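Contents: one structure, followed by commentary.
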Amino acid sequence: MNTSGSGVSTGRHRLLLGLALGACASAGLVAGGGAAKAAAAFRVTTLATGLENPRGLAIAPNGNLVLSEAGRGGSGPCIPSGSGNTLCYGSTGAVGLFDRSTNIYSRALSNLPSLAVQSSPFPEGTGLADLAFNGAGQLFGVFGFGGDPNLIPASGSPLFGKTVAIDLGAGSLTPLADIAAFEATQNPDGKKDLNSNPFALVVRGNDTYVTDAGGNTLPKADGAHQVSLVNVFPDEVVTTPPLPFPFPYPEVPAQAVPTGMTIGPDGALYITQLSGFPFAPGSADVFRYDFVNPVTRFAGGFSNLIDIAAGPDDSLYLLQYSDDFWGPPSGRILRLSLLDGSVESVFEDLMHPTGLAVDRDGTIYVANAGDGVNGELLALTPVPTPAPVPLLGVGTAFAQARRLRRRCGTLSRPRFARARP
C-alpha cells in the first residue's frame with residue numbers, strides 16, 4: 001500500500017524512499033570512516049565493506065554471521081516501484097557469511113534476484129530482505145518487493161515476495177510461502193493501491209512470521225506454507241514535521257510500515273515500525289505479540305525504527321534508521337529494558353543502518369550504510385568500564401608519596417592518567 005498520496009510507499013530513505021519512497025579490519029573506537037560514535041564504550045570493528053544494499057542479519061548456531069545483500073539490480077526487465085521509481089532486475093543479490101574462525105566475509109550464495117534503481121548514485125534496491133534460523137539450525141529467508149504484487153511475473157524472478165529455505169552447502173533456494181500473493185488477493189488493510197514489501201521474518205516451530213512493510217500487516221505461514229493474517233497495523237494521525245518541499249496539511253494519517261522482528265527474552269514476538277509519510281519523529285512504536293492474544297503496542301516515542309534484536313541482558317536493542325528522516329543520516333542503537341522499561345542510547349551517528357543482531361556475549365552487529373552499494377558490516381564489542389578508584393586508594397597513594405619524600409628528600413606530585421573511554 002502507498003504510505004501516502006505523496007508517492008512514498010514502503011518507508012525507507014534512499015533505500016526506503018526509493019522503494020517506499022574485506023576481511024576483519026579497522027579495529028578502534030570509531031567506525032564507518034568516522035561516521036559512527038559510541039554513546040557507551042565499544043570496540044568497533046569493520047568486518048566487511050562494499051556490501052550491496054545490506055539488509056537482515058542472523059547469527060548461526062556455530063556463531064558465524066549471515067547477512068542478506070539485496071543487490072544492485074541490473075539491466076532489466078524493469079518495472080515501476082510503489083513510489084514511481086523504475087526498478088531494473090539483475091542477479092546481483094547474495095547471502096553473505098562472516099566466518100568468525102577466519103575473520104573473513106564471503107558471499108556464500110550469489111546471483112540472487114535483485115531489483116534496483118539504476119539512474120542514481122545510490123542504487124537503492126530490493127531483493128533478499130532478511131534471514132532467520134529455526135530451532136534446528138536451518139536457514140530461511142524472505143524476498144522483498146516494494147510495489148504492486150501483480151507486477152511480480154514481469155519483474156524477472158518469481159522469488160520476489162516469497163519466503164525461501166536456504167541450503168548454503170548445496171547452494172540452493174527453495175520457495176515456500178507467497179506473502180505477496182496474500183496481499184494481492186486479500187488486501188487486508190484495505191488501501192486502494194496494492195503494495196507488498198516483505199521485510200523481516202521470524203521462524204517459530206513450524207510457523208514463519210513476516211512483516212509486510214508495504215501491506216502494513218503481520219502474516220503467518222504455517223508448516224504447509226499456507227498464509228493467514230495475524231495483524232493489520234492501522235494508520236495513525238501525526239503532526240507534519242518540517243519538510244523539504246511545500247505540504248499544506250498540518251496533520252496527516254501515517255501508515256504503520258512494520259519492519260524488524262525478534263523473539264524477546266520473555267518468548268514474545270516484538271515488532272518495530274518505521275511509520276510512513278511524513279515520517280514524523282517520535283511516531284514509531286514497538287509492538288508485542290504473545291502468540292495467543294492480539295498484537296498490542298508495547299512502547300512508543302521512537303523515530304524510524306528499522307530493526308530489533310534481543311540481547312542477553314533482558315533488553316531489546318532497537319535500530320533507528322535516522323533520528324530525522326528528512327535530516328542527516330544519523331542512525332542509532334537504543335536499548336529498551338524489559339525489566340524497568342527504561343530506554344538509553346548505546347551507539348550513535350550510524351549512517352542509514354538497516355540490520356541488527358546481538359550475540360550471547362553482548363556483541364552488537366550492524367549493517368551500516370545500507371542504502372546503496374557501499375554498505376559495511378560492523379561489530380560493536382562492549383568494553384568493560386574501569387572500576388572507579390576508591391578514595392581510600394588515593395589517600396594511600398599520597399601517604400606512600402610522603403614516605404618516599406622522607407626517604408629521598410623530594411616529593412613529586414602524583415600524576416593520574418585520565419582514563420580513555
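The values are calculated or read from the model by the stated rules, or taken from the named source; none is laboratory data. Because the structure is predicted, anything quoted here is derived from the model rather than measured. Backbone-built Cβ (ideal geometry, glycine too); neighbour counts: all protein chains shown.
Comparison of GLY141, GLY146, GLY125 shows that the only residue that is under 20 Å from THR354 (Cα atoms), assigned by TED's automatic domain parsing to the domain that holds ALA60 and in contact with a helix residue (DSSP H, G or I) (Cβ under 6 Å, 6 or more places away or on another chain) is GLY146. Here LEU218 does not qualify as in contact with a Phe, Trp or Tyr (Cβ under 9 Å, 6 or more places away or on another chain), outside any strand (DSSP E or B) and at pLDDT 95 or above. For VAL292, the conditions (1) assigned to a strand (DSSP E or B); (2) farther than 18 Å from GLU344 by Cα all hold with the exception of (1).
When the range 329-364 is filtered for residues that are closer than 16 Å to ILE306 by Cβ and not in a strand (DSSP E or B), the ones remaining, listed by number, are PRO329, SER330, MET351, HIS352, PRO353, THR354. The set of residues from the range 346-365 being more than 14 Å from SER322 (Cβ to Cβ) and among the aliphatic types (A, V, I, L, M) comprises VAL346, LEU356, ALA357, VAL358, ILE364.
Listed by position, the strands (runs of 3 or more DSSP E) inside the range 63-155 whose residues that are β-branched (Val, Ile, Thr) and closer than 30 Å to THR45 by Cβ number at least 2 are 86-99.
Apart from one condition, ALA367 fits all of (1) more than 22 Å from PRO265 (Cβ to Cβ); (2) in a loop (DSSP other than H, G, I, E, B); the exception is (2). The residue list GLY276, GLY260 contains one member that is more than 17 Å from VAL366 (Cα to Cα) and either part of a strand (DSSP E or B) or in the same structural domain as LYS191 (by TED's automatic domain parsing) (or both), which is GLY276.
Scanning the range 175-215 for residues that are among the polar types (S, T, N, Q) and either more than 17 Å from GLY260 (Cα to Cα) or assigned to a strand (DSSP E or B) (or both) returns THR185, GLN186, ASN187, ASN195, SER196, ASN206, THR208, THR211.
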